[in-house]
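Notes follow the structure.
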Amino acid sequence: MRIPVAVPALLVLMLALPACQLMPEGTEAADHQLSCGDRTLGYSVAGDRLQLHMEDGRRELRREESATGALYRSRSGDTEFWSKGERVTVTLAGERLPECRHTDRASLESPEWRVFAVEDASVPEQARPVTLNFMPEGRLAGRSGCNHFMAAWERVGDRLIIERAATTRMACPSSVMGFEQRFIGALSRVENARMEADGTLVLVGREDNGLIRASASAEGGPE
């Protein structure tokens, strides 16, 4: 009589671990699509985890400390995803791919954006034009109604993060200064961006409320 041998649950879990690291799925299941030279990749972000989707499977990466930008790395350390502004670089199994570009969303970097509303407030008539220039390497600059400002930005998955905003110190009428403070405060609460059918750029907050609305400026570039 043959006695069945129970397979320890730990052994089953250990056998399953490689499948969690690399699982056949393809890139179509990812939330975002990238073109990296002749490679097509996808990725999805949840908390501090990033799932990198390839044609033959996917890898799970975890966010790590980085001096600049957002860095995600695999447990083995040979696969990395790094993003700053809209610049994305990917290393797969130790091989660095050509710089990647998103193919599923409009770029924020192309034009200068002219802000026409912050929350429910229009730009005061006395104010100078309020502008946004999303530049490479994660720099954001523009005019805030009275002063010039600079900030840092990064875009990973559905998150748009704007931080460390600082302005010059010129004085203007109180109504303009009040609007400028509101604008700078709204920048720090931005969590995403969407493009409306008429080309309006909307920077949205936590509950998908429109914080800042802007249109592409024909003048281009920062002063």
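Note on region 125-138: among residues that are of a type in the set (D, E, K, R) and closer than 16 Å to SER174 by Cβ, the one that is surrounded by the fewest Cβ atoms within 10 Å (Cβ to Cβ) is GLU125. For region 113-124, check the following and say yes or no: at least one residue is in the same structural domain as GLY178 (by TED's automatic domain parsing), modelled with pLDDT under 95 and surrounded by 16 or more Cβ atoms within 10 Å (Cβ to Cβ). No - not one qualifying residue is present in region 113-124.
Could you list, in sequence order, all residues of region 169-192 that are out of contact with any Ser or Thr (no Cβ under 9 Å at 6 or more places or on another chain) and either among the β-branched types (Val, Ile, Thr) or farther than 28 Å from GLN126 by Cβ (or both)? Those that are out of contact with any Ser or Thr (no Cβ under 9 Å at 6 or more places or on another chain) and either among the β-branched types (Val, Ile, Thr) or farther than 28 Å from GLN126 by Cβ (or both): VAL176, VAL190, GLU191, ASN192. Within region 152-166, the set of residues being assigned to a strand (DSSP E or B) and either among the small types (Gly, Ala, Ser) or in contact with a Cys (Cβ under 9 Å, 6 or more places away or on another chain) (or both) comprises ALA152, ALA165, ALA166. Scanning region 185-217 for residues that are buried (at least 18 other Cβ atoms within 10 Å of the Cβ) and not in a strand (DSSP E or B) yields ALA186, LEU187, VAL190.
The values are calculated or read from the model by the stated rules, or taken from the named source; none is laboratory data. Everything quoted here is computed from the prediction, not taken from an experiment. Cβ: placed from backbone, ideal geometry, glycine included. Neighbour counts: every protein chain shown.
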